[in-house]
Each structure stands twice: as structure tokens, then as C-alpha cells.
Amino acid sequence: MANKICILYVDDELNNLVSFKAVFRIKYNVLTAISGEEAISILKNNEVHIIITDQRMPQMTGVEFLESILGEYPDPIRILLTGYADMNAVIDAINKGKVFHYLTKPWNEEELDMTITRAYDVYKQRIDEKEMNTKLTVSNEQLEFLLRQKLLS
């Protein structure tokens, strides 16, 4: 499972969670949560690459959930699903929840799979950039140290 893309799917409708897992469990490591609160506890114990969330949920909307985890979990790529063509939700999702892609429900298996693939490519690119920036920072610090040593001698 470690080499599979890890997806957290959040939806308050159990049948949606079951059908998502049935469709994608072989190709991906699928984690499911029936609420934003449950999803947060799953994030604490798992490295999640992609988060797919329904917008319309009772205690916490998808956008509210995504916004609430941005500080602690900035890396996972976010996809919002909704059965309603709610333009305000889409705008909020993009501005507040940093959503990568927006899809309508019921989702199309092929379209969702292609979106997951593209999202993971973006995830990998961002992680690679972070690692490269960390290496560059260390190299710069080492060069500055060597330069100071040379100037002092």
C-alpha cells in the first residue's frame, strides 16, 4: 500500500463512501470519512496525497473542512464534489480551501480517475520542489559559512 496513491474521501452519505471505495480500492489506497471531524483524525495517522470531499455535509461543509486543515496539512491536493451547481461554493472552495479541481455529483468514474492522476502529478511536483528548496537552503548556508571562514582567515 505504501507505493499507492493515498486518497481520503469525505462524504456524509455512507453509500457514496462505499461505492467510491468499491470503484477505486484496487488502484489506490482509499481512506473514507463520514464527516470532517472523522477526516481530521484520519489525517493525523496517515500520509494522504489527495483529499476528495463533498461540499454539502451537515456539521461542516467541504470548504470549511478544507479551510480548517490548510495550516496543519498543506500538502494534500484537494478536490471538491457537489451535487449542486452552487457557484458560491465553487468560489469559496478555490479561494479559501485551495481546491485543485471541482467536480459535480454524481461523479463520472473516468473523469474522477483522470483528475486524481493529474492531482497526484501536482502533488509530486510540489513535494519535489519542497525537497529541492530544502537542499538549496542547506547548500546556501554551507557556502555562506565557508565564505565567512575564508573572509575571517
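State whether one or more residues within the stretch 129-152 are over 26 Å from Asn46 (Cα atoms), surrounded by 14 or more Cβ atoms within 10 Å (Cβ to Cβ) and either charged (D, E, K, R) or at pLDDT below 95 (or both).
Scanning the stretch 129-152 turns up no residue that is over 26 Å from Asn46 (Cα atoms), surrounded by 14 or more Cβ atoms within 10 Å (Cβ to Cβ) and either charged (D, E, K, R) or at pLDDT below 95 (or both).
Could you list, in sequence order, all residues of the stretch 1-43 that are of a type in the set (D, E, K, R) and closer than 23 Å to Glu72 by Cα? Correct list: Lys4, Asp11, Asp12, Glu37, Glu38. Residues in the stretch 14-38 that are out of contact with any strand residue (DSSP E or B) (no Cβ under 7 Å at 6 or more places or on another chain), in a helix (DSSP H, G or I) and not polar (S, T, N, Q): Leu14, Val18, Ala22, Val23, Glu37, Glu38. Can you find a residue that is at pLDDT below 95, in contact with a Leu (Cβ under 8 Å, 6 or more places away or on another chain), charged (D, E, K, R) and surrounded by 14 or more Cβ atoms within 10 Å (Cβ to Cβ) anywhere in the stretch 55-67? Scanning the stretch 55-67 turns up no residue that is at pLDDT below 95, in contact with a Leu (Cβ under 8 Å, 6 or more places away or on another chain), charged (D, E, K, R) and surrounded by 14 or more Cβ atoms within 10 Å (Cβ to Cβ).
Kindly indicate the residue of the stretch 86-109 that is assigned to a helix (DSSP H, G or I), at pLDDT below 80 and under 19 Å from the mean Cα position of the chain (by Cα) and also surrounded by the most Cβ atoms within 10 Å (Cβ to Cβ) among those meeting that condition.
Per the stated criteria, the residue is Ala93.
Scanning the stretch 22-39 for residues that are among the aliphatic types (A, V, I, L, M) and within 18 Å of Leu81 (Cα to Cα) turns up Ala22, Val23, Val30, Leu31, Ala33, Ile34, Ala39. Just so you know, in the stretch 11-33 the residues that are surrounded by 16 or more Cβ atoms within 10 Å (Cβ to Cβ) and among the acidic types (Asp, Glu) include one that is farthest from the chain's Cα centre (by Cα), and it is Asp12. Gly36 meets each of the listed conditions (1) closer than 15 Å to Tyr9 by Cα; (2) of a type outside the set (D, E, K, R); (3) in contact (Cβ under 8 Å) with a residue 60 or more places away in the chain; (4) crowded, with 17+ Cβ neighbours inside 10 Å apart from (3). Among the listed residues Thr115, Thr137, identify the single one that is in a helix (DSSP H, G or I) and under 22 Å from Lys27 (Cα atoms). Of Thr115, Thr137, the one residue that is in a helix (DSSP H, G or I) and under 22 Å from Lys27 (Cα atoms) is Thr115.
The values are calculated or read from the model by the stated rules, or taken from the named source; none is laboratory data. Everything numeric in this text was worked out from a predicted model, so none of it was measured. No Cβ is skipped: glycine too gets one built from the backbone with ideal geometry, and neighbour counts run over all protein chains shown.
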